[in-house]
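Peer 1: My structure is below; once you've seen it, I'll send some questions.
The values are calculated or read from the model by the stated rules, or taken from the named source; none is laboratory data. Treat the numbers as computed from the prediction; the structure is a model and nothing was measured. Glycine gets a Cβ as well: all are built from the backbone with ideal geometry, and neighbour counts include every protein chain shown. Each accessible area value is taken on the protein alone, full model and side chains, heavy atoms only, with ligands, DNA and RNA left out. Shrake-Rupley method; radii C 1.70, N 1.55, O 1.52, S 1.80 Å.
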Amino acid sequence: MGEVDPAFILEPEHRPRISYIEGKGVPLIDLSPILSSNNVSAIEFEGLVKEVGDACKEWGFFQVTNHGVPLEKREKIDDASRKFFAQSLEEKRKVRRNEKEVFGYHDTEHTKNVRDWKEVFDFAIQEPTILPASLDPDDKEVTECNNQCPEYPPELRETCQDYGQEMLKLSYKLLELIALSLGLPADGFYGFFKDQTSYIRLNHYPPCPTPELALGVGQHKDGAVLTILAQDDVGGLEVKRKTDGEWVRVKPTPDAYIINIGDTMQVWSNDRYESVEHRVTVNSERERFSLPFFLHTAHYTMVKPLEELINEQNPAKYRAFNWGKFIANRKCSNFQKLNVENLQIYHFKISE
């Protein structure tokens, strides 16, 4: 990735500024009230639910501390990630992703039809993960997808499996708080994850000689229910602030996780909570590593506004769509530059 291929260069209006705005105001939420063994007062608990709801509504992004994920598990997966990406391209490509092998290594991903300055390794939480066999909406055939694991580092599979279980535990705690903030029962979202399609991604962003022309990940919204991100101290994640549309940098907070609402949650909440655009800038001197976890429903889930959140005054704003077909369409643009924008939730918006 030394020389800058034109495939990485963004249109002028999408290029990042070298100077950036520090994202003051991105909420930092302490989850200790739901983790401590002491009795938590109703006022404390309600305060936490309100904090999460406000963050979802106002930012679509927040950070959490005292989240219960053991630091050694995060350190282990970070260490395994660095070992994997330090190998030769030839070694990494032995577990390369393609249209058939959905999980594994990939270094030519596109966002909005521009190539990202990064390399990734994807690892499924549920094995096998069941996904649609084709994009055809009428084709009901499914395919079983398994993880590819490299020979080195040998601990990568077990480390990813352990870390994945921690991400699920944290996800369910967050889902309970979000459900309560919407007036739903705490377990209101649980039924969607029996055959989930969630996965962990290991990201590596090498130093880039022209950080003013390219992005590690171009501006986008996540299709997931939730994303849980661990980032290193290099930083680079930028969020589009809802109040004024400015790009603001999310400053790394030691041991915290960054949470963002995905498109699925936006549809479920009937736009009460919004999936927000974000992007990753690159650094000319330092490499950056990050660990996102994407919480996804089962492939057969029909994503639509939840019945409890719609009524005559607030009718459904989206037509139902199949999650598996939606994500399969989205992934098409990962492997090649397309002449059309990939599928977005607004394509299912019901016109008022």
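Peer 1: Which of the following residues is of a type in the set (A, V, I, L, M, F, W, C), within 24 Å of Ile258 (Cβ to Cβ), surrounded by fewer than 19 Cβ atoms within 10 Å (Cβ to Cβ) and out of contact with any Gly (no Cβ under 9 Å at 6 or more places or on another chain): Leu28, Leu35?
Peer 2: Details: Leu35 fails: out of contact with any Gly (no Cβ under 9 Å at 6 or more places or on another chain).
Residue meeting the stated conditions: Leu28.
Peer 1: If you don't mind, another one. Which residue pairs have Cβ atoms closer than 6 Å, lie 6 or more positions apart in sequence or on different chains, and pair a first residue in the range 319-345 that is at negative phi and at pLDDT 50 or above with a second residue that is among the polar types (S, T, N, Q) and open to solvent by less than 50 Å² (accessible area, probe 1.4 Å)?
Peer 2: As it stands, the answer is Trp323/Thr297; Trp323/Thr301; Arg330/Asn342; Asn342/Ser333, since those pairs meet every condition given.
Peer 1: When the residues of the range 137-156 are filtered to those that are out of contact with any Phe, Trp or Tyr (no Cβ under 9 Å at 6 or more places or on another chain) and outside any loop (DSSP other than H, G, I, E, B), which remaining residue is most open to solvent (accessible area, probe 1.4 Å)? Full working, then the answer.
Peer 2: First pass over the range 137-156, keeping only residues out of contact with any Phe, Trp or Tyr (no Cβ under 9 Å at 6 or more places or on another chain): 137-141, 143-144, 151, 154-155.
Still in the list and also outside any loop (DSSP other than H, G, I, E, B): 143-144.
Working: Thr143: 54, Glu144: 125 Å².
Only one residue tops the list, namely Glu144.
Peer 1: Just checking, does the range 42-59 include any residue being in contact (Cβ under 8 Å) with a residue 24 or more places away in the chain and either under 20 Å from Phe289 (Cα atoms) or of a type in the set (Phe, Trp, Tyr) (or both)? Before the answer, list the steps.
Peer 2: Kept after step one, since they are in contact (Cβ under 8 Å) with a residue 24 or more places away in the chain, are these residues of the range 42-59: 48-59.
Those left that are additionally either under 20 Å from Phe289 (Cα atoms) or of a type in the set (Phe, Trp, Tyr) (or both): 59.
Yes, the conditions are met somewhere in the range 42-59.
Matching residues to (1) buried (at least 19 other Cβ atoms within 10 Å of the Cβ); (2) under 19 Å from Tyr205 (Cα atoms); (3) within 11 Å of the chain's Cα centre (by Cα); (4) at pLDDT below 95:
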position: Ile258; (1), (2), (3), (4): yes, yes, yes, no
position: Met265; (1), (2), (3), (4): yes, no, no, no
position: Trp268; (1), (2), (3), (4): yes, no, no, no
position: Asp271; (1), (2), (3), (4): no, no, no, no
position: Ser275; (1), (2), (3), (4): yes, no, yes, no
position: Val280; (1), (2), (3), (4): yes, yes, no, no
position: Glu287; (1), (2), (3), (4): no, yes, no, no
position: Leu291; (1), (2), (3), (4): yes, yes, yes, no
position: Leu295; (1), (2), (3), (4): yes, no, yes, no
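Peer 1: Another question, if that's okay. Would you confirm whether any residue within the range 94-112 is part of a loop (DSSP other than H, G, I, E, B), closer than 30 Å to His14 by Cβ and aromatic (Phe, Trp, Tyr)?
Peer 2: Of the residues in the range 94-112, the ones part of a loop (DSSP other than H, G, I, E, B) are 97-103, 107-109, 112.
Remaining after also requiring closer than 30 Å to His14 by Cβ: 97-99, 102-103, 107-109, 112.
Narrowing the set further to residues that are aromatic (Phe, Trp, Tyr) leaves 103.
For the range 94-112, residues part of a loop (DSSP other than H, G, I, E, B), closer than 30 Å to His14 by Cβ and aromatic (Phe, Trp, Tyr): present.
Peer 1: Inside the range 157-248, counting only strands (runs of 3 or more DSSP E) that do not spill past its ends, which hold 1 or more residues that are open to solvent by 10 Å² or more (accessible area, probe 1.4 Å) and in contact (Cβ under 8 Å) with a residue 60 or more places away in the chain? Write out each step before concluding.
Peer 2: Working: elements: 199-205, 217-220, 226-231, 237-240.
Those strands (runs of 3 or more DSSP E) span 199-205, 217-220, 226-231.
Peer 1: Limited to the range 300-324, what total is found for residues that are open to solvent by 30 Å² or more (accessible area, probe 1.4 Å) and not in a strand (DSSP E or B)? Spell out how you get there, then give the answer.
Peer 2: Kept after step one, since they are open to solvent by 30 Å² or more (accessible area, probe 1.4 Å), are these residues of the range 300-324: 300, 302, 304, 307-308, 310-317, 319-320, 322.
Of the ones still in play, those that are also not in a strand (DSSP E or B) are 300, 304, 307-308, 310-317, 319-320.
The qualifying residues number 14.
Peer 1: Check whether at least one residue in the range 128-150 is of a type in the set (A, V, I, L, M, F, W, C) and free of Cβ contacts under 8 Å to residues at least 24 places away in the same chain, and report yes or no.
Peer 2: Our first condition is that a residue be of a type in the set (A, V, I, L, M, F, W, C); within the range 128-150, this holds for 130-131, 133, 135, 142, 145, 149.
The next check asks that each one be free of Cβ contacts under 8 Å to residues at least 24 places away in the same chain; those that pass are 133.
Looking for residues that are of a type in the set (A, V, I, L, M, F, W, C) and free of Cβ contacts under 8 Å to residues at least 24 places away in the same chain, one finds at least one in the range 128-150, hence yes.
Peer 1: If Glu11 meets every condition in (1) modelled with pLDDT of 85 or more; (2) surrounded by fewer than 14 Cβ atoms within 10 Å (Cβ to Cβ); (3) in contact with a strand residue (DSSP E or B) (Cβ under 6 Å, 6 or more places away or on another chain) apart from one, which number is that one?
Peer 2: (3)
Peer 1: May I ask you to say which residue of Ser41, Ser81 is modelled with pLDDT under 95 and of a type in the set (S, T, N, Q)?
Peer 2: Ser41
Peer 1: Being open to solvent by 50 Å² or more (accessible area, probe 1.4 Å) and among the hydroxyl-bearing types (Ser, Thr, Tyr) narrows it down to one of Ser88, Ser81, Ser134, so name that one.
Peer 2: Working: Ser81 fails: open to solvent by 50 Å² or more (accessible area, probe 1.4 Å); Ser134 fails: open to solvent by 50 Å² or more (accessible area, probe 1.4 Å).
None of the others qualify; the one that does is Ser88.
Peer 1: If I filter the range 68-87 for residues that are touching a residue at least 40 places away in the same chain (Cβ under 8 Å) and on the phi > 0 side of the Ramachandran plot, do I get at least one hit?
Peer 2: Yes, some residue in the range 68-87 is touching a residue at least 40 places away in the same chain (Cβ under 8 Å) and on the phi > 0 side of the Ramachandran plot.
Peer 1: Name, by its number, the condition in (1) in contact with a His (Cβ under 9 Å, 6 or more places away or on another chain); (2) open to solvent by less than 10 Å² (accessible area, probe 1.4 Å); (3) not aromatic (Phe, Trp, Tyr) that does not hold for Val114.
Peer 2: The failed condition is (2).
Peer 1: Being surrounded by 15 or more Cβ atoms within 10 Å (Cβ to Cβ) and outside any helix (DSSP H, G or I) is the filter here; which residues of the range 41-65 pass it?
Peer 2: Trp59, Gly60, Phe61, Phe62, Gln63, Val64 - these are the residues of the range 41-65 that are surrounded by 15 or more Cβ atoms within 10 Å (Cβ to Cβ) and outside any helix (DSSP H, G or I).
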